[in-house]
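> The structure under discussion is supplied below as structure tokens; questions concerning it will follow.
Every number in this text was worked out from the coordinates using simple rules, so none of it is lab data. All figures in this text were calculated on a predicted structure; none of them were measured in a lab. Counting neighbours? That spans all protein chains shown, and the Cβs are built from the backbone with ideal geometry, glycine included.
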Amino acid sequence: MSKTLIAIIIIIVIAGLGYWIYQSTTTPEELSEKEQACVNSGGQVSTSLCCKATGDFPNLCLVGPCGCAPEYSHQTKICDCGPDKCFNGNECIVPENK
């Protein structure tokens, strides 16, 4: 191999190692227990307008927690489990009526 090719490979390896070290030292913000449960069960943390009495991460398998008119709603953290699942307050599940 030529010296130029070896030098390029070494530079790429060093750059990759430097990036990996940088990424491992920057810690993401800590997730709450409900956020972690959402992510661990395949969901994605999002926000939605839900009824004012509803807290973060409501049971979206039930009808109602996010069904109020906008003037009676507020931004709430929810777990978006995708089209065929719902968040029961603890994890993403396939609803029983599916």
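> Does any residue of the stretch 39-58 turn out to be in a helix (DSSP H, G or I) and within 16 Å of Cys92 (Cα to Cα)? Outline the logic, then answer.
If we filter the stretch 39-58 for residues that are in a helix (DSSP H, G or I), which is where we start, we get 39-40.
If we keep only those that are within 16 Å of Cys92 (Cα to Cα) too, we end up with 39-40.
Yes; the residues of the stretch 39-58 include at least one that is in a helix (DSSP H, G or I) and within 16 Å of Cys92 (Cα to Cα).
> Can you tell me which residues in the stretch 86-98 are charged (D, E, K, R) and more than 14 Å from Val45 (Cα to Cα)? Steps first, please.
Within the stretch 86-98, the subset charged (D, E, K, R) is 91, 96, 98.
Answer for the stretch 86-98, where residues must be charged (D, E, K, R) and more than 14 Å from Val45 (Cα to Cα): Glu96, Lys98.
> Considering each residue of the stretch 33-52, count those that are in contact with a helix residue (DSSP H, G or I) (Cβ under 9 Å, 6 or more places away or on another chain) and without any contact (Cβ under 8 Å) to a residue 24 or more places away in the chain, and give that number.
Residues that pass the stated criteria total 2.
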